[in-house]
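Undergrad: First, the structure itself, so that you have it in front of you.
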Amino acid sequence: MRLIDIAVMGFSNLLRRKLRTFLTVLGVIIGAASIVTMLSLGFGMKAALRTQLGGTGSLTMIQVNESYEYSESYGRGGMTVTASSSSSSRNKKPVLNAEALKDFAALEHVVAVSPEINAYLRFVCDKMVGDMTVVGIDSSQMENLGFELSEGRLLEPGEDGIVFGHYALYSFFDPRRQDWANYDDSQPPPVDVLGAGKISMTFDSSYGNRRQYNSGEASSGGGRPKFYKTKVVGVLDSNNWNYTWSAYMDINALTKIIKDNEKNQASGQPQPGGQTGNQRGNGRNAVEKYDLIRVKVDEVENVLAVQDVIKNMGYQPYSDAEYLNSVEETYNIIQLVLGGIGGVSLLVAAIGITNTMIMSIYERTREIGVMKVLGAAIYDIRTLFLLESAIIGLLGGALGIGLSYLLSHVINVLAASSGDMGGLEKISIIPPWIVLAALGVSSLVGLVSGYLPARRAMRLSALDAIRAE
């Protein structure tokens with residue numbers, strides 16, 4: 001028999017018993033739709049995580065800190081580096097200094113590096129004060145490091161100015177009213193730092209308070225902390241989560257301020273608010289050691305390899321890509337569980353297909369016998385029943401995918417109407433490849449379910465089949 005004749009006969013047999021065929025196909029529809037919809041939620045969770053972490057390019061950023069444990073083994077995946085004797089030594093723990101900065105910049109796939117030092121200062125803008133961390137960075141690398149603005153501009157290389165993170169502005173409050181900082185960004189910031197021109201900053205954390213530092217106290221605790229004027233040139237966008245809570249200056253400008261304060265507080269006695277003269281701790285010189293170094297990598301796929309090289313150099317690196325990798329492993333497990341739940345429905349549908357085909361054999365026993373007597377080959381009968389079961393699987397899979405898109409749309413609409421989705425457009429995502437996979441799996445389930453009935457039809461004796469009532 002020609003394949004086209006077998007196909008026409010298979011469709012005719014399925015249409016002859018419409019209700020049974022419909023119920024069998026319905027089982028496959030429910031199974032396929034369950035699997036695709038469940039998996040779409042997992043894909044949505046992964047997309048949400050990538051959107052949140054990758055919105056500002058943080059997935060390609062590595063934050064390097066000092067570590068108490070280190071190894072002299074260098075390299076991973078063919079990547080190598082030669083460290084200077086200053087940054088790595090058999091007898092000394094590696095430190096974050098200028099030599100380490102050069103080592104990191106020499107690594108393969110690294111596109112930018114920037115040192116950071118930190119100081120905690122109080123800013124004074126008109127009648128408002130605000131306490132926050134000021135981070136000294138290489139201002140020439142701000143664009144490479146993913147700084148994005150909502151107002152103003154970024155720092156020029158070596159410029160003596162300051163850029164505020166979005167939420168850092170909400171640290172300002174009126175000390176006379178004890179109107180403490182309010183981080184409700186539904187309201188405008190309490191100060192207009194760009195419009196204020198120059199603002200002042202000081203290491204005196206009690207300035208403006210009712211009980212503040214006075215000259216009498218200064219005599220027992222070193223000189224009174226000075227005020228340093230600076231100009232605000234920009235405000236960062238609120239989506240810059242890595243940079244939104246602090247203020248940023250050129251590292252040389254902040255180093256100058258820190259060293260001047262250390263000179264002024266040479267006695268090292270406690271300053272107001274319990275802070276020592278050396279704001280960065282341990283009395284270290286401001287130019288000898290960095291608090292951390294940020295390393296920018298060209299592609300997300302290379303971050304973990306670069307991170308391992310830095311770790312083998314004796315430092316403690318951290319990246320959002322590492323966090324993303326661990327969380328995605330958890331999401332993969334969740335997807336397997338969700339897919340397994342949907343798979344139960346498809347298993348039930350497979351049993352339904354097998355039952356339908358077996359019943360079809362009982363009802364068409366004489367027809368099978370006549371086909372054999374007329375010269376139909378055994379493999380033609382097998383092909384007929386396998387084709388019918390494959391049609392059920394393929395049709396159910398196609399309609400199930402259509403139902404999945406409908407359910408996914410409903411889920412996204414309901415989620416959007418329920419409130420803020422964190423900037424996400426969808427929480428249920430169906431990638432194109434899952435559509436092809438669902439069609440293939442549904443067809444395969446149909447074929448596998450029809451194999452035993454087809455084999456049974458092949459083994460029927462022609463004479464016994466003709467005699468059957």
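Quick note: the coordinates plus some simple rules give every number you see, no bench work behind them. Note that the coordinates shown come from a computational prediction; the quantities given were computed from them, not determined experimentally. Glycine gets a Cβ as well: all are built from the backbone with ideal geometry, and neighbour counts include every protein chain shown.
Undergrad: Once the principal axes of the Cα atoms of segment 110-210 are found, what is the range along each, listed largest first in whole angstroms?
TA: 49, 30, 23
Undergrad: Still on this structure: With +1 on each Lys and Arg Cβ and -1 on each Asp and Glu Cβ, how big is the dipole of segment 296-371 about its Cα centre, in debye rounded to the nearest 20?
TA: Dipole about the Cα centre, nearest 20: 520 debye.
Undergrad: I need the fraction of alpha carbon pairs in segment 277-420 separated by more than 23 Å, rounded to a whole percent.
TA: Value for segment 277-420 (Cα pairs over 23 Å): 70 percent.
Undergrad: Still on this structure, I have one more. How much length, in nm to one decimal, is gained on full extension between Ile333 and Val448, taken as 0.36 nm per residue of separation minus their Cα-Cα distance?
TA: Extra length available between Ile333 and Val448 comes to 38.7 nm.
Undergrad: Additional query: Once amide H atoms are built 1.01 Å from N in the peptide plane, which residues 5 or more positions from Glu66, or in another chain, come under 5 Å H to H?
TA: Counting only residues 5 or more places away or on other chains, the set is Gln316.
Undergrad: Run the numbers for Ser140 and Ala376: contour at 0.36 nm per residue of separation, minus the present Cα-Cα distance, in nm.
TA: Extra length from Ser140 to Ala376 when fully extended: 76.8 nm.
Undergrad: Measuring from a point 7 Å past the Cα of Ser418 along Cα-to-C-beta, which residues in segment 14-38 have an amide N at less than 18 Å?
TA: 37-38
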